[in-house]
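Q: Take this structure first; my questions come after.
The values are calculated or read from the model by the stated rules, or taken from the named source; none is laboratory data. Computed from a predicted structure; not experimentally measured. Every residue, glycine among them, receives a Cβ derived from its backbone with ideal geometry; neighbour counts consider all protein chains shown.
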Amino acid sequence: MHELYNADTSMGSEMKLLVCFLVLISFVLSSCLKQQESITPIAPTMTIAEIQREALMRTVEEAGHAELSADAKATLEMSPDPRIFYLNVKYKINNIDVFQAANMPNSFEQLGHSFLQTMAKVVLAVSGPRQIDINDIDLTIPASLDLDRSIVKSIQVKRIFLTYNKDLDQNSDYAANFSFIDSLELSREVTVPKIGITNTLFLSYRKARNFCMYKCIQFDILEDNLIDLLKPNTNIKLKPNLSISSLPAINQLALDGEIQLRIGLLLPF
């Protein structure tokens, strides 16, 4: 009987020890679970979309051989062709100087500068401090233009937009406007098989389609992919057809401009 009592007492002590041990383990595990571990990431976390955009922008810089400047706003979009994506570039120039060559590293912005200079030459030919020949005009492709044609598959001009320089307009009590221009067209010579040389309309402006109270000129672009025309250090001969109803109210013309380009680029992955 005494031995049985001692056995029961021993088993009770062991049970108490086991219970205490389990309670201790539960407490330790609970404390560990409640602890929050702080880890400082080596680099900022990026979403898949951000990683993809970074890769596409690297392709843009490769194709244009430089980063886009602060004057250019860029967006990306996919095309119906799964191998191609589009870079949409909006580029602005304040107080366009038609006699000064573009001084910028990115080839797409060089192109935008050349287009805006050419349009400004035609408008400034109506009146201005310097005489400009309006019979024929050259769209000058910069000698430094360096497009990677293994990547660049298309170049489209989506919008060309001219306004009076903001300071000039303000100083003239906002009297500056383009109501004196009835129409403006630029065409270029092309060779058509079995027909020969003919003119094709490159861009067009009509006063009847002006929707900004004549404070701007927005051209309709009639050609699509210009990639084959844009060769470094070449001139694309353009023939202007300008019709005016009067001389401009402001004799000293100064223009600001904006151009939007869409560039088709081969996907890097």
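Q: Out of the residues in segment 52-81 meeting the condition of being in contact with a helix residue (DSSP H, G or I) (Cβ under 9 Å, 6 or more places away or on another chain) and not small (Gly, Ala, Ser), tell me which one is surrounded by the most Cβ atoms within 10 Å (Cβ to Cβ).
A: Among residues in segment 52-81 that are in contact with a helix residue (DSSP H, G or I) (Cβ under 9 Å, 6 or more places away or on another chain) and not small (Gly, Ala, Ser), the one surrounded by the most Cβ atoms within 10 Å (Cβ to Cβ) is 60.
Q: Right, next: If you take the residues in segment 251-269 that are out of contact with any Lys or Arg (no Cβ under 8 Å at 6 or more places or on another chain) and crowded, with 18+ Cβ neighbours inside 10 Å, which one is modelled with the lowest pLDDT?
A: Going through the qualifying residues, I end up with 253.
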